[in-house]
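Undergrad: For reference, the structure I am asking about is given below.
The values are calculated or read from the model by the stated rules, or taken from the named source; none is laboratory data. Being a predicted model, the structure only gives us computed values, none of them experimental. Because the Cβ atoms are built from the backbone with ideal geometry, glycine has one as well, and the counts that use them run over all protein chains shown.
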């Protein structure tokens, strides 16, 4: 690289190192500098390096704020800076005025469901990159007109290099589903949307037909997991995004023998593995919250149906009652205590407790609606991420 008459040379690897530390807004402008930079900034290898730097430097928690008195539903993030947590808006667009829920986040792309005026029709879906402001409407499927209650998941498969939306639907227009408790809803069908093909296809759901109340979707290493309730137990539902025969699998929960019938478990990702955060109380000391962190691992040498095994990574007892885990963030368990506005408590593996006040109202934020997010250059026109 030369500047003026000084013939200053900067090695290419130094240029790449500088560029991958810059925000997406600057990199989008720099595509116009020259053809070489344009090709570099659009290459899958650079996009991957830039995203990994972003997610490790300061990962955000993204969520959407619901206000029934406003047509706007802004997407917001929690940012950890200098021992404080800040909530800030990351995107406002006309097409996001009617956001019903945030479904998931993967490599800088978000999947959101918009509000639908018909009770017996599935919510319209959007895929978007908040950093580049690229947005794509997901086409309707043949199942949309008879699908009034849906559970969703969104993730990326490095095996097939494709982003996919999984939709599990139950009890269509024949049932007054809006008046039913979600625990009484049975699975009636499932389909998957592929960003690469731009189309939906139905998938087999026989082994999860008795599951209900799916919540807390988490994408880990090419799989999507949910917590679900069967008639007599809680289970983990797993969908394999990268398999040729896309299948659901039921995985037992490690603490199911003493797990109360309420939502006291949270799924998350840790070191590219699924973790389960279990909150509970002991009768001897009901004033304290106990939290266990379990890691799901594939055990070699076992039959296929029994290949999953749980190991307890650690147990902690924060010196505070009624803490409810919501995410694992920066290797700390983020909890709330039911206060309004929301107060966040960060609990470390060493039982250290940090307290952060926010201006977020309980009525505006769904506790299981927080997802990891970092800016990226990922485009919906090219699903490759090396």
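Undergrad: In the list 356, 290, 345, which residue meets the criterion of being over 22 Å from residue 238 (Cβ atoms) and either in contact (Cβ under 8 Å) with a residue 60 or more places away in the chain or touching a helix residue (DSSP H, G or I) at 6+ places or on another chain (Cβ under 7 Å) (or both)?
TA: Going through 356, 290, 345 in turn, just one is over 22 Å from residue 238 (Cβ atoms) and either in contact (Cβ under 8 Å) with a residue 60 or more places away in the chain or touching a helix residue (DSSP H, G or I) at 6+ places or on another chain (Cβ under 7 Å) (or both): 356.
Undergrad: Kindly provide the set of residues from the range 357-366 that are closer than 29 Å to residue 152 by Cβ and surrounded by fewer than 17 Cβ atoms within 10 Å (Cβ to Cβ), ordered by number.
TA: Residues satisfying the conditions are 358, 359, 361, 362, 363, 366.
Undergrad: Just need a number here: residues in the range 5-16 that are surrounded by 11 or more Cβ atoms within 10 Å (Cβ to Cβ) and assigned to a loop (DSSP other than H, G, I, E, B).
TA: Residues in the range 5-16 being surrounded by 11 or more Cβ atoms within 10 Å (Cβ to Cβ) and assigned to a loop (DSSP other than H, G, I, E, B): 1 in total.
Undergrad: If you take the residues in the range 255-288 that are part of a loop (DSSP other than H, G, I, E, B) and at pLDDT 85 or above, which one is nearest to the chain's Cα centre (by Cα)?
TA: The qualifying residue nearest to the chain's Cα centre (by Cα) is 272.
Undergrad: Quick check, is residue 112 touching a strand residue (DSSP E or B) at 6+ places or on another chain (Cβ under 9 Å), in a strand (DSSP E or B), at pLDDT below 95 and under 29 Å from residue 194 (Cβ atoms)?
TA: Taking the combined requirement at face value, the residue satisfies it.
Undergrad: Would you mention how many residues in the range 293-336 are within 26 Å of residue 59 (Cβ to Cβ) and in contact with a helix residue (DSSP H, G or I) (Cβ under 9 Å, 6 or more places away or on another chain)?
TA: Looking only at that region, the number is 0.
Undergrad: I would also like to ask the following. For the range 199-215, which positions are modelled with pLDDT of 90 or more and under 29 Å from residue 366 (Cα atoms)?
TA: Correct list: 200 only.
Undergrad: Can you say whether residue 122 is modelled with pLDDT of 85 or more, crowded, with 22+ Cβ neighbours inside 10 Å and part of a loop (DSSP other than H, G, I, E, B), as far as the supplied structure shows?
TA: no
Undergrad: What are the residues in the range 364-386 that are in a strand (DSSP E or B) and in contact with a helix residue (DSSP H, G or I) (Cβ under 9 Å, 6 or more places away or on another chain), if any?
TA: Residues satisfying the conditions are 372, 373, 379, 382.
Undergrad: Can you pull out every residue in the range 293-310 that is free of Cβ contacts under 8 Å to residues at least 24 places away in the same chain and either surrounded by 17 or more Cβ atoms within 10 Å (Cβ to Cβ) or under 18 Å from residue 218 (Cβ atoms) (or both)?
TA: 298
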